[in-house]
Amino acid sequence: MNLQRLQGKHALVTGANGGIGLAVTEAFLTEAATCTAIDLAAEPSAELQALMQKFSCLQYHSLNVVDTAAVKTLVAQVNQQSGLINVLFNNAAIFDMAPLLESHEAMYDKIFAVNVKGMFFVMQAVLQGLVDAGETGSIINLASQAGRRGEGLVSHYCASKAAVISYTQSAALAMAEYGIRVNGISPGVIDTPMWGQVDSLFAKYEGLQPGEKKIAVGKAVPLGRMGIPQDIAGAAVFLASDESAYITAQTLNVDGGNVMS
């Protein structure tokens with residue numbers, strides 16, 4: 001049901017071409033937000049194109065979030081041409097894994113470039129626009145249950161998502177005086193296209209059959225299933241809306257009960 005909870009909001013969604021980013025974009029639009037979707041691909045995905053045909057207030061830009069100069073330029077351009085961005089769903093991220101002693105520098109650099117550097121400088125650019133305009137807003141950074149703990153095969157990814165949680169807390173404290181809220185969402189195991197890559201890597205390093213890890217992690221969730229992107233989208237709408245006006249510096253676990261904090 002469309003309650004128009006995001007009427008008057010302009011949301012920037014990174015990593016919007018599929019999975020969680022696509023679901024959040026659709027949920028924001030359904031709740032009457034204007035949306036700017038960005039992803040690495042030159043063109044929007046077929047699913048995003050369908051949303052663009054349905055919602056005239058959705059636009060797409062190709063952007064590599066690692067390119068900080070391009071990030072700053074695009075955010076300024078969008079603010080000027082399409083209205084001030086006052087909601088950010090900071091979602092773009094990559095995954096890789098290997099045994100600790102086989103984790104090489106290139107893997108480390110790539111994961112931290114996207115998951116930490118890209119996340120931070122997109123957030124910074126949006127925050128600068130809000131502060132310069134004297135406006136409030138809501139920043140939502142996508143963390144992970146992996147950021148709540150270590151994993152022997154997933155050290156770089158876990159550390160990158162722990163950094164997202166830490167930056168969320170620091171940014172929330174820095175922005176509180178401006179009335180800008182900064183929160184995170186920590187998903188558990190979510191059934192997205194990325195899980196095909198995750199499952200194949202676990203199969204490789206743990207000697208499993210394809211699909212075996214995915215089934216096992218779903219069964220291990222207290223609620224008995226993997227999440228779906230719409231589970232995250234509901235939390236994102238709440239944090240973007242005025243319903244969460246007194247919530248900041250928090251990272252909300254949306255994981256079926258995997259992590260209790």
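What the table shows:
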| read-out | value |
| --- | --- |
| Inter-part distance where the stretch 183-237 and the stretch 12-46 are each reduced to a Cα centre, Å | 20 |
| Given 14 as the ceiling on other Cβ atoms within 10 Å, longest exposed-site-free region of the chain for GluC sites (Glu not before Pro) in DSSP loops | 1-134 |
| Linear extension gain, H61 paired with E102, 0.36 nm per residue minus alpha-carbon span | 11.1 nm |
| 3J(HN,Hα) from dihedral phi, the stretch 117-125, Karplus parametrisation 6.51/-1.76/1.60, rounded to Hz, x for glycine, proline | 4, x, 4, 5, 6, 5, 4, 4, 5 |
| Derived scalar couplings ³J(HN,Hα) [the stretch 53-65; Karplus, 6.51 cos²θ - 1.76 cosθ + 1.60; whole Hz; x for Gly, Pro] | 6, 7, 10, 6, 8, 10, 10, 10, 9, 7, 7, 9, 5 |
| Nearest-20 debye value, the chain charge dipole, Cβ charges on Lys, Arg, Asp, Glu | 260 |
| Positive-end residue of L22, V116, S56, charge dipole of the stretch 21-171 with Cβ unit charges | V116 |
| In order through the stretch 39-48: 3J(HN,Hα) via Karplus (6.51 cos²θ - 1.76 cosθ + 1.60), integer Hz, x for Gly, Pro | 7, 6, 5, 5, 10, x, 5, 4, 5, 5 |
| Cβ-based net charge around Y205, under 12 Å, with every Lys or Arg adding one and every Asp or Glu removing one | -3 |
| Residues with amide H under 5 Å from that of K9, placed H, sequence gap 5 or more | T34 |
| Under 15 Å from K204, Cα to Cα: aspartates and glutamates that are on another chain or at least 8 residues apart | D96, E102, E212 |
| Normalised convex hull volume, the chain, alpha-carbon set, Å³ per residue | 126 |
| Reach of K117 by Cα under 15 Å, taken over aspartates and glutamates that are not fewer than 8 positions away in the same chain | D67, D109 |
| Options A159, G134, G207, ranked by Cα towards positive dipole end of the stretch 115-227, top entry (Cβ charges) | G207 |
| Dipole magnitude (debye, nearest 20) for the stretch 138-261, charges at Cβ of Lys, Arg, Asp, Glu | 280 |
| Of A46, A233, A162, the one that fluctuates the most in a GNM where the chain has Cα springs shorter than 10 Å | A46 |
| Built amide H within the under 5 Å cut-off of V182, gap 5+ | I139, A249 |
| Y60 long-range amide H proximity, modeled H, under 5 Å | A37 |
| Between 0 and 90°, nearest 10: helix 19-30 axis offset from the chain longest Cα axis | 30 |
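Since every read-out is calculated from the coordinates, none of them should be taken as a lab result. Computed from a predicted model, the values in this text were never measured in an experiment. Glycine gets a Cβ as well: all are built from the backbone with ideal geometry, and neighbour counts include every protein chain shown.
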